[in-house]
Amino acid sequence: MIPRLKPRFGLAEILTAAHVGHDGDIKRFENEFAHLAEQNRAVTFPYGRTALVALLDTMGLKGKDVILPAYTCVVVAHAVIISGNKPVFVDSQEHDFNMDIEAASAKVNENTGAIIMTSLFGYPVDLDALDAFRERFPHVKIIQDCAHSFLADWRGRGVQKEGVAAIYGLNISKLMSSIFGGMVTTDDEELYDALLKWRVRHLQPSSWSKSLSRMLYLLATYPAFYGPLYGFVNYLERNGFLDRFVRYYDESLIEMPADYLVCMTPLEARVGIVQTRRYGDIIRHRRDIAAYYNATLAPYAGKLGILLPPNVEGATYSHFAVQTARKAELMEKALNHGVQLGEVIEYCVPAMSSYAGSLQPDESFPVAERFSHTVINLPLSCSFAESRHVASVLLSELN
Ligand SMILES: *Cc1c(COP(=O)(O)O)cnc(C)c1O
């Protein structure tokens, strides 16, 4: 079976994980990651969401409005709440899944502290529109959420550099991975020092047992994502046996994982270093497969009842997000042909019961709502031969 996603772990990750680690590994990972992101500084955290809590806190934001997309990973909204701020949701724009900056402008007031700009699915935030926003609202701090878009660029400008700081998620579903983990990058030295102090004050040191459990998790990904076994994993997942590992939210709760305040392990940092070096190859491969899907499926998209994602230069393709009203039917059919078409962000955050209290009575998010029902993901972390199979399964619908 071709999985909807697959971490690009090879032999080097296992070998490096088997070494005895020390805290210098964390520093090395940060240095290499900062270099990759072309930023002066990088700071690791146990999760991307912890990185965001730390960032909002060190930026001195408390009791502020923080603007974020309605259509994004729910943990972003959770982090805003946990940091003691109020999420203000904004609907998406049609053409590239990203937050509508025009609509965001309408929600700015004097209590707005920050805006979280997300390059969703790897489509770079429109930096021309963001420049205009920044000029109009100089009091609103800009945070880049690069969890889907490490190094996506808008007309030659890296999105990660266009704000106070950028956050990244590094779990196995992301573009590159340190098993779990998160990161902040910034050029601001004062903020960097404050983040280091925050980490000392709020995080517990990682323990031996955390390293061991990360090691076992890493080892488990090899058989779990191995094609011939993946059908079984998919069966377990569909029947709820893997909920403990794969469910990352509960509709009615705003909560963080139990270890969200325990430092990243040196083992994860070493895996992250290997992945940082692979990053260029990973992105090239994903862009090639995305180009192949676009070219092969475009002539038949109408007949298939699918809308292909935009073809944006500089996108990093964390997902190949196709919209279709035939979501359940296509997913089922693909599964019968050994292809897992994943759902991605199958919710609109402000529509979740836990956020009902954060909304104004007149707010609605029609575009984000629609995305939540219609978006599926074609596999990108597969071989070229596998991507041809995926396309042929979809095209066989035409017969
Ligand atoms: C995954 C993700 C994050 C944060 O990642 P965690 O490490 O899971 O906390 C933030 N933003 C977006 C858009 C994500 O997809």
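Overall, the range 11-88 carries a charge dipole of about 360 debye about its Cα centre when +1 sits on the Cβ of Lys and Arg and -1 on the Cβ of Asp and Glu, all other atoms neutral. As I understand it, the dipole of the chain uses +1 on the Cβ of Lys and Arg and -1 on the Cβ of Asp and Glu, about the Cα centre. Which of LEU216, HIS319, ILE115 lies farthest toward its positive end? Toward the positive end, the furthest listed residue is LEU216. Rg over Rh for the chain works out to 0.94, both radii taken from alpha-carbon positions and Rh defined as the Kirkwood radius.
Each of ARG201, ARG8 was scored by other Cβ atoms within 10 Å of its Cβ. Listed from fewest to most, they are ARG201, ARG8. Here the 3J(HN,Hα) profile of the range 265-273, calculated from phi with Karplus coefficients 6.51, -1.76 and 1.60 at θ = phi - 60°, is 7, x, 4, 5, 4, 5, 5, x, 5 Hz, Gly and Pro shown as x.
Amide H to amide H distances under 5 Å link SER206 with CYS263, where only residues 5 or more positions off or on other chains count and H is placed in the peptide plane.
Close amide H partners of VAL88, meaning residues 5 or more places away or on another chain with modelled amide H under 5 Å apart, are VAL66, ILE67, LEU68.
Of all the options LEU175, LEU203, LEU15, the one that moves most in a Gaussian network model of the chain with Cα springs shorter than 10 angstrom is LEU15. Amide H contacts for VAL339 (H built 1.01 Å from N in the peptide plane; partners 5 or more residues away or on another chain; cut-off under 5 Å): ILE2. For the peptides 45-58, 26-39, 210-223, the ranking by packing is 45-58, 26-39, 210-223, with the highest mean count of neighbouring Cβ atoms within 10 Å listed first. Note on the range 12-77: dipole from Cβ charges, positive end direction compared against ILE26, THR16, LEU56; the farthest Cα belongs to LEU56. Here the 3J(HN,Hα) profile of the range 359-364, calculated from phi with Karplus coefficients 6.51, -1.76 and 1.60 at θ = phi - 60°, is 9, 7, x, 8, 7, 8 Hz, Gly and Pro shown as x. Let a ≥ b ≥ c be the square roots of the eigenvalues of the Cα gyration tensor of the range 241-291; is it rounded (a/c under 1.5), or, if not, prolate (a/b larger than b/c) or oblate? Taking the square roots of the gyration eigenvalues as a ≥ b ≥ c, the range 241-291 is oblate. Using only side-chain charges placed at the Cβ, +1 for Lys and Arg and -1 for Asp and Glu, the dipole size of the chain relative to its Cα centre rounds to 1040 debye. In the chain, what percentage of the DSSP-assigned beta bridges are antiparallel, given to the nearest 5? Here the antiparallel bridges make up roughly 50 percent for the chain.
If you take the square roots of the eigenvalues of the alpha-carbon gyration tensor of the range 164-284 and sort them as a ≥ b ≥ c, do you get rounded (a/c under 1.5), prolate (a/b over b/c) or oblate? Since a/c reaches 1.5 and a/b is larger than b/c, the shape of the range 164-284 is classed as prolate. Evaluating 6.51 cos²θ - 1.76 cosθ + 1.60 at θ = phi - 60° for every residue in the range 103-113, the Karplus couplings come out as 5, 5, 4, 5, 9, 6, 9, 6, 8, 6, x Hz, glycine and proline recorded as x. Fewest-first ordering of TYR293, TYR168 by other beta carbons within 10 Å of each residue's beta carbon gives TYR293, TYR168.
All of the numbers you see were taken from the coordinates with simple rules; none came from a lab. If you're wondering where the values come from, they're calculated on a predicted model, not measured in any experiment. Virtual Cβ from ideal backbone geometry, glycine too; neighbours counted across all protein chains shown.
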